[in-house]
């Protein structure tokens, strides 16, 4: 009897938690596929289908938003990777004065609101001609992407024994050869994870794109916001765009997890 | 001319390697933050509406405008964030305890499921919750049809939408931290307590909770900070009054062109966020010492 009670109780908790986790996701999916959903039939759509995926309004905007979202995310992850690979090598393997300050500064974007950075950069961008430009958006997306990528990259560098670099240098390899021939092949899992972090960060960045890119440069998150009442209300259209963001994001992060070492999960420079 | 030694050369190469990162951070973060700080005192004029010369006008308006709208928004943001933090930490802790004590069969599935909200972007999570909470959403309809309640659950003055959405997004952080902490506790402690006649509640109260209190605090501080500075959640679930602080900055600076107030609120916002970060680091340090 006690065993049955335990199974029932545990099952109830798991069902409750599953509902808590999945119901918001299911609600969004239902909105994306609901062709007809009248208020008096609120518990389930009367007709499911792909109407909203073929919606002319979305068809007009999706290609542009897709182009901006995905090309910006790819460029952001590549440039972020280049910067963090070289910086990560120094921060993870060298002891120098000011390293702790660098540590604190590298984590700065975690600790202050993006809107603050947005309104600080707005007049600066306006003066130097970066406002509402492709490269302006790329630069500002990198602010949020770098700390995450740097953590993953530093973790990878830390997992390599320093004796390997010493041995290579003793055999006459220059620093660049050591980076290219020793570190690059050994740190690639962390680099892939870092690149994925940067990619997903950029793909989902909203407020900085809204402030510094919109209306010339608009990405999928900005479009979603428009359909949620910024211009007019269309939960179905927003849900379709949400799916286009959610699926690649969750898939990418699950892949990134496979490449992460415990060191890179631990993050931090200190 | 002196020839450089190998060590000096290495140092120069290291500096060159880290230079792009340093220049990027200085140009994109440090300088803009300094400019915001100076602008809030009228010392830099990047935009219109900034007083000429040193002035505390922005701070005077923040603290002493009649009916205290800015202080009210600050208090609202702080309270809503606090409630969301308590809720998320409580849910995460209870679930971690459930896993530790009950050891259910589907443990691995349970842990994977718990991590899902961590992968969902802010704006998408906010939208998902909006589809549940808006007047035609499931939760609003259930309340209306089964309990006869027609209360606004999103874009409401109590911040219900912000709290529910933030708690869903962040309880995974608390769960992950608490779960790993509880797993690290030596099983002998519980066995000894059980042998002495302690029931489950006593084991939680006298063993688990005291030994994981720093984990609870660090999880709470991390959750508080991430909700406090969030924009998307407030953008989707916030209301016109009282406003969440991030939305107030957006309204004043971008919609109204009141840059002085935008910058002043930003400075106060940053100071509070940094204080919370400092507290978080302190708690983490204490946890490591223990």
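What follows draws every value from the coordinates through simple rules; no lab data is involved. Not measured: the values here are computed from a predicted model. We place every Cβ from the backbone using ideal geometry, glycine too, and count neighbours over all the protein chains shown.
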- line: If one compares the long axis through the Cα atoms of helix A:235-259 with the longest principal axis of the Cα atoms of chain A, the angle in degrees, nearest 10, works out at 30
task: Kindly provide the helix-only [θ] at 222 nm of chain A, computed as the sum of -39,500 (n - 2.57) over DSSP H runs of four or more divided by all residues, to the nearest 500 deg cm²/dmol?
output: -24500 deg cm²/dmol
message: Ranking request for peptides B:165-177, B:18-30, A:216-228, A:67-79: highest mean number of other beta-carbon atoms within 10 Å first, then the rest in descending order.
response: B:165-177, A:216-228, A:67-79, B:18-30
query: Rounded to the nearest 500, what is chain B's calculated 222 nm mean residue ellipticity when only DSSP H runs of at least 4 contribute -39500 (n - 2.57) each, over all residues?
result: -23500 deg cm²/dmol
Length added when fully stretched, residue B:146-residue B:274, from 0.36 nm per residue minus Cα-Cα: 41.6 nm
statement: The Kirkwood hydrodynamic radius of segment A:80-173, taken as the inverse of the mean 1/r over all distinct Cα pairs, in Å, comes to 15.5
task: State, to one decimal in nm, how far the label point of residue B:185 lies from the label point of residue A:159, with both points 7 Å from Cα in the Cβ direction.
output: 3.1
field: Rel. contact order, % - alpha carbon contacts under 8 angstrom, at least six apart, segment B:125-212
entry: 19
message: Largest first, please: the extent of the C-alpha atoms of the protein assembly as shown along each principal axis, to the nearest Å.
response: 88, 68, 52
- line: Here the whole-number average of other chain Cβ atoms within 10 Å per Cβ of A:93-106 is 2
- line: Heads up, segment B:138-256 by the C-alpha gyration tensor (a ≥ b ≥ c square roots of eigenvalues; a/c under 1.5 rounded, else a/b over b/c prolate, else oblate) looks oblate
- line: Here the FRET efficiency for residue B:5 versus residue A:216, based on Cβ atoms and R0 = 60 Å and rounded to 0.05, is 0.70
query: Is segment A:1-135 best put as rounded, prolate or oblate by its Cα gyration tensor, with a ≥ b ≥ c the root eigenvalues, rounded for a/c under 1.5, and otherwise prolate when a/b is larger than b/c, oblate when not?
result: oblate
- line: By the Kirkwood definition, with r running over pairs of different Cα atoms, segment A:45-92 has a hydrodynamic radius in Å of 13.9
- request: Just tell me how shielded B:22-28 is by partners: mean number of partner chain Cβ atoms within 10 Å of each residue's Cβ, no decimals.
  value: 5
task: Calculate how steeply helix A:184-204 sits against the longest principal axis of the alpha-carbon atoms of chain A, using the helix alpha-carbon long axis, and give the answer as 0 to 90 degrees to the nearest 10.
output: 40
- line: Note: A:77-89 gets an average of partner chain Cβ contacts (10 Å, Cβ to Cβ) equal to 3
query: For segment B:65-289, what is the Kirkwood hydrodynamic radius in Å, using each pair of distinct C-alpha atoms?
result: 19.4
Relative packing of B:125-134, A:14-23, which averages over residues the other C-beta atoms within 10 Å, highest first: B:125-134, A:14-23
field: residue B:202-residue B:241 FRET efficiency (beta carbon distance; Förster radius 30 Å; 0.05 resolution)
entry: 0.05
query: Just how many % of Cα pairs in chain A lie over 34 Å apart, if you round to the nearest whole percent?
result: 36
query: Given that compact globular proteins tend to follow 2.2 N^0.38 Å, what is the ratio of the alpha-carbon Rg of segment A:156-221 to that value?
result: 1.75
statement: When all Cα-Cα pair distances of segment B:57-111 are considered, the percent exceeding 19 Å is 56
